[in-house]
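See structure below.
The values are calculated or read from the model by the stated rules, or taken from the named source; none is laboratory data. Since the structure is predicted, the reported quantities are computational estimates derived from the model, not experimental observations. For neighbour counting, all protein chains shown are included, and Cβ atoms are generated from backbone atoms with ideal geometry for every residue, glycine included.
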Amino acid sequence: MPFILAEDAALKTLLSGMTVIDEKAGGSSTPRAVQVWYGTPDIELREQKFPFITIDLMDIRLAPERQMSGVIYDRDKAGTVVANNTNVYGYEYPVTYDLVYQVTSYARHPRHDRSLIQQLMQVKFPSKYGKLGIVSDSGVETTYRHMFLDEFLKRDTVEEGRRLLRNIFLVRVVSELTHYDANAAKKKVAAVEFNTITTHIPSGKLPI
């Protein structure tokens, strides 16, 4: 998957599967799934159910302090094909970038809010010890990128008498643009397709 799109998908995969607990009278509890959406959802138009998490790409920064020069030789085209012993590929070192994401959690209940903070801060984004797994196009290997929690902001509000508990995590992912991605981006566009996936479309709405 191309540069940026691969990180988007990997971050959403990392955040998927989280749950919070609904405590009921009598001491019983029921797990509630936490949905994960891109901040500007496009095809992911959905009914707003709390709690949920959004992902927004905030910045793409060159990282010259990590840049290297020279030629790399490998057998799988930087993970884009299945490796073999008959072909060796040579290419220049990729251009280094940092991708800055804003991950925002939304909740109505304080216990849900605290549970999200705990899971995101200690499990998903453990300070400078985070990592993001990027699966190769061939699906045979996973490359892990360093991921840093640069800032945490608490931004609770009250809207029309209802509280909205909101937490903002600014996350930096170490990434790179390979020459394969750059060459693919320069290819002439043959066709443009909009909203080919028709899941999660509310009733009464049609794909564009």
Give the residue that is modelled with the highest pLDDT, with candidates limited to residues of region 23-48 that are of a type in the set (D, E, K, R) and under 20 Å from the mean Cα position of the chain (by Cα). 46
May I ask you to list pairs of residues, at least six apart or on different chains, whose Cβ atoms are under 7 Å apart, with the first in region 155-169 being of a type outside the set (Asp, Glu) and the second being surrounded by 14 or more Cβ atoms within 10 Å (Cβ to Cβ) and in a loop (DSSP other than H, G, I, E, B)? 169/125
Residue list for region 1-36, restricted to those being among the hydroxyl-bearing types (Ser, Thr, Tyr), loosely packed, with under 13 Cβ neighbours inside 10 Å and within 14 Å of residue 132 (Cβ to Cβ): 16
All-but-one check, residue 84 against (1) out of contact with any strand residue (DSSP E or B) (no Cβ under 6 Å at 6 or more places or on another chain); (2) surrounded by 13 or more Cβ atoms within 10 Å (Cβ to Cβ); (3) over 22 Å from residue 39 (Cβ atoms), failing number (2)
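Against the condition among the hydroxyl-bearing types (Ser, Thr, Tyr), under 19 Å from residue 174 (Cβ atoms) and surrounded by fewer than 17 Cβ atoms within 10 Å (Cβ to Cβ), how does residue 89 come out, does it pass?
no
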Which of the strands (runs of 3 or more DSSP E) found entirely inside region 134-185 contain at least 3 residues meeting this: crowded, with 17+ Cβ neighbours inside 10 Å? 142-154, 162-177
Given (1) closer than 23 Å to residue 2 by Cα; (2) touching a residue at least 24 places away in the same chain (Cβ under 8 Å); (3) more than 13 Å from the chain's Cα centre (by Cα), number of the condition residue 107 does not satisfy: (1)
Those residues of region 71-128 which are under 30 Å from residue 162 (Cα atoms), of a type in the set (A, V, I, L, M) and not in a helix (DSSP H, G or I) amount to 103, 107
